[in-house]
Amino acid sequence: MGNPSASTLRTGFETDKTVLQANTLFLSGPFGAGKTTAAIERVLWLLRQERVRGDQILVLVPQRSLGQPYQEALRNSELPAGTLVQVTTAASLARSSVALYWPLVAREAGFAEPHGEPTFLNLETTQYHMAGLVERAAQQGEFDAIRLQRSRIVSQVLDNLNKAALHSFSLEEAYGRLESTVPPGEKMVARLNVLRTGRRISRAFRQLCLQESLVDYSLQMQIFLQVILENEWCRTHLFRSFRHLIFDNAEEETFAAQELVRRWLPQLESALIVNDEDGGYRAFLGADSRNAERMARFTEKRIQRQRSYVAASGSSALIGRINRAFSGQVVNGREEGAEGESELEDGWPLVFPDSSHRFYPQMIEWAVDGIEHLVREEGVAPGKIAVLAPFVSDALRFSLLSRLEERDIPAISHRPSRALNAEPAVRTLITLAALAHPIWQRRPPRSDVALALESAIAPLDPVRASVLAQAAYSDRDGTDGVLTAFEELRGDVQKRVSFAAGELYEGLRRWLAAYRAESEFSPLDRFFARIFGEKLSQPGFGFHEQPDAARMADQLTRSARNFRWAIGGRAFAVDRGEQEGGDGEGPLSSRQVETGGAYIDLVESGALGALYLPAWTVEDDAVFIAPAYTFLMRNRAVDVQFWLDIGAEGWGQRIHQPLTHPYVLSRNWPRDRSWGDSDETRSRQESLRRLLIGLLRRTRRSVYLGLSEYGERGMEQQGPLLKLLNRVQVQA
């Protein structure tokens, strides 16, 4: 395998034969050009025609959910019997490699006990270990210069560790780069001191991991890149494990994963690198779309597809106008540079409201009316509709879900960057767990109990739930913290609550009382599974036929189980009388009681949830409500999109992160260059451009634009998206 100049073939699906048979190939194009379909066909061709064993083929994707099309195709195809194709991520490959080569690399990596077994941490358990270090520093006032929640400080310090590992930066270089982002002024010294505290905490966390044989994501990638791949025996063994590679969505991968593939290419019999033009939406997670484009130099052929078979008519011309608007060019009808303008004669993908909306709730009603019209009158399936906004607040989510439910239109929402305890279903389960476990000595406040009852019992509204909690529960010191039987409440309270709701309440109360009376408590994850299956999911209760609640209950159960395994489960199997690797049914040890309480502390501190595959692969026929970037990262198309609050400033705006910076912590940014206001402006414009193009590529019919003169907080809005759309619309 040599490294000739990539030859570019500007063709369409007629190049499938080349895609199948080329030795090493770089395939690029817009979303919807059939790139993943061609890659799947290549996998099937290798299995059927070339008789390649499945375990010699590796499909590498940036996120597990993006591997679903491959897994579905492999399940549904009539393939020769044999071993399975491995569809995985670079992070999973690194983890399995660290586990496999641990005896060879542990000492070189610096672990204090290289002969012991490592404990791999996910996002949640990593936050648990980091939180103590951050809390001690915060109590000493070391973070007083920034106004940020503890959980956000934890996540940003961890992000610095991750970015340093992915780009092979030392901690000194990573924090040196971050110091260049601090603007001069009165607060400069305070901000620099905060970054130095972050550097010290990062060092302490790394030392803790090495001392206790804990392997978080950053250390896992550091060991993989700097130890395993530099060990000739390990590298040779790994590279010989697979002979054929499909590297899909390369633009969403990190520099580390891209460099791994680049080093692997000379050892492979065949390789296909798939790159989505205008992608790179995971830049805040370390995605390097520029380096992905450079990978074409290391392949023998390059095919660049031009046409999208998904995007609505007129999208190509609209995207051209958007590109020219950002580049400063003037759009002038069909003049030079306005390729594809003739498409607009067949349709304009943007739909503005018939009348302007002055207030935010009016815009929400307009969106719900529009969705109902599409579903009832035009026959659009709810699952083919997405409602997007720059940020989806609790109020917006509740308003959309409740109004659509009133009209019998199913809807689900997905907000992966939100803390676990921000979800009503999670808060309900946490409160019920506290009521069921007196051994924790945690008495939830009456307001939390009222919210839990409202969420758990379908007939209860906020007022009646508050009345019931006021009468049936006391959070005062000296009380037992149990719920009172419904029949023991005053008659006027029973009437206000209603006997129908009271019967359901009594069923829940008796279940909790029976659980409290058991001589042996279950591990916390099993408690969540039991109460969901035996009560909350049953008819009459709040989680019945509620996909969002079921999804969050499943995620919380998985999260609690993983936490138990990593912190107090498998390591203390002897305490419970369990067999190694089993879940066990024995009594909980005192350490396991502490583990359950520690998990509750973690959730209540505002920890972010780890990525769980079911949340990303749900295929319910329901309207999808999510932040715009979340929708893009699902990498799926819909017939209709609703963009709400297009006047908001949040479109294309980077979240304020005083302790980290996704662009500065990148190999594309010069080490000694400072980050200024002009750089921030350019990055926002580029983010907005990529966001709009990505959304338009994933729309088959139309985009409905929702605008209100005053935003959710009552402020007048004239954000960058609205200004851009006005400029583009003038040329229509």
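Tabulated values for the structure
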read-out: Gap separating the Cα centres of segment 640-663 and segment 137-173, nearest whole Å; value: 21 Å
read-out: Lysines with Cα under 23 Å of Lys535, excluding same-chain neighbours fewer than 8 positions away; value: none
read-out: 20 Å cut-off, amide nitrogen to a point 7 angstrom out along Arg263 Cα→Cβ, residues in segment 196-219; value: 216-219
read-out: Euclidean distance between Cα centres, segment 444-513 to segment 347-404, Å; value: 35 Å
read-out: Extended-chain gain in nm, criterion 0.36 nm per residue less alpha-carbon gap, Asp475 and His115; value: 124.7 nm
read-out: Listed peptides 718-724, 387-393 by packing density, highest first (mean Cβ within 10 Å); value: 387-393, 718-724
read-out: Summed side-chain charge close to Pro114 - residues other than Pro114 whose Cβ falls under 14 Å, Lys, Arg +1, Asp, Glu -1; value: -3
read-out: Loop-located trypsin sites (Lys or Arg not before Pro) in segment 133-179, at most 13 other Cβ atoms within 10 Å (DSSP); value: Arg147
read-out: Estimated inter-spin distance, Lys495 and Arg727, nm [label 7 Å along Cα→Cβ]; value: 6.6 nm
read-out: Straight-distance crosslink candidates among lysines, where the alpha carbon sits under 29 Å from Lys187 and sequence neighbours closer than 8 are dropped; value: Lys163
read-out: Overall form of the chain per C-alpha gyration tensor (a/c, 1.5; a/b vs b/c); value: oblate
read-out: Cα-based convex hull volume of segment 364-499 per residue, rounded to whole Å³; value: 140 Å³
read-out: Computed E for Ala99/Ala138 - FRET, C-beta separation, R0 60 angstrom, nearest 0.05; value: 0.95
read-out: Gain in span if fully extended, Arg713 to Glu488, counting 0.36 nm per residue against the direct Cα distance; value: 76.6 nm
read-out: Peptides ranked, highest mean first, by Cβ atoms within 10 Å: ranges 250-259, 698-707; value: 250-259, 698-707
read-out: Coordinate range along principal axes, alpha carbons of segment 37-126, Å, largest first; value: 50, 28, 18
read-out: Highest-first arrangement of 465-473, 46-54, where packing means the average Cβ count within 10 Å; value: 465-473, 46-54
read-out: Contact order relative to length of the chain, as percent, for alpha carbon pairs under 8 angstrom and 6 or more apart; value: 21 percent
read-out: Per-residue ³J(HN,Hα) for segment 104-119, Karplus 6.51 cos²θ - 1.76 cosθ + 1.60, θ = phi - 60°, Hz, x for Gly and Pro; value: 8, 10, 4, 5, 5, 6, x, 6, 5, 10, x, 8, x, 7, x, 10
read-out: Mean separation of Cα contacts under 8 Å, 6 or more apart, over the residue count of segment 113-218: relative contact order %; value: 47 percent
read-out: Counted charge near Asn275, where neighbours are those whose Cβ lies closer than 13 Å (Asp, Glu -1; Lys, Arg +1); value: -3
read-out: Of all accessible heavy-atom area on segment 196-278, the percent that carbon and sulfur account for (1.4 Å); value: 43 percent
read-out: Lysines whose Cα lies under 30 Å from that of Lys17, excluding same-chain neighbours fewer than 8 positions away; value: Lys35, Lys301
read-out: Two-site FRET efficiency, Glu78 against Arg667, from Cβ-Cβ distance with R₀ of 25 Å, rounded to 0.05; value: 0.05
read-out: Environment charge at Asp448 (Cβ cut-off 12 Å; Lys +1, Arg +1, Asp -1, Glu -1); value: +1
read-out: Residue-level accessible surface for Phe224, protein heavy atoms, 1.4 Å, Å²; value: 0 Å²
read-out: Hull shadow area, averaged, segment 373-426 [alpha-carbon convex hull, nm²]; value: 4.3 nm²
read-out: Table column - 3J(HN,Hα) (Hz), segment 704-716, Karplus curve with 6.51, -1.76, 1.60, x for Gly and Pro; value: 9, 9, x, 9, 10, 4, 10, x, 4, 9, x, 9, 5
read-out: Cα-based equivalent ellipsoid, segment 113-218: semi-axes from gyration tensor eigenvalues, Å; value: 26, 16, 11
read-out: Reference-scaled alpha-carbon Rg (2.2 N^0.38 Å with N residues) for segment 82-148; value: 1.66
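The values are calculated or read from the model by the stated rules, or taken from the named source; none is laboratory data. This one's a predicted model, so the numbers in the text were calculated from it and none came from an experiment. Cβ atoms come from the backbone with ideal geometry, glycine included; neighbour counts cover every protein chain shown. Areas reflect the complete protein model, heavy atoms only, side chains present, ligands, DNA and RNA absent. Shrake-Rupley method; radii C 1.70, N 1.55, O 1.52, S 1.80 Å.
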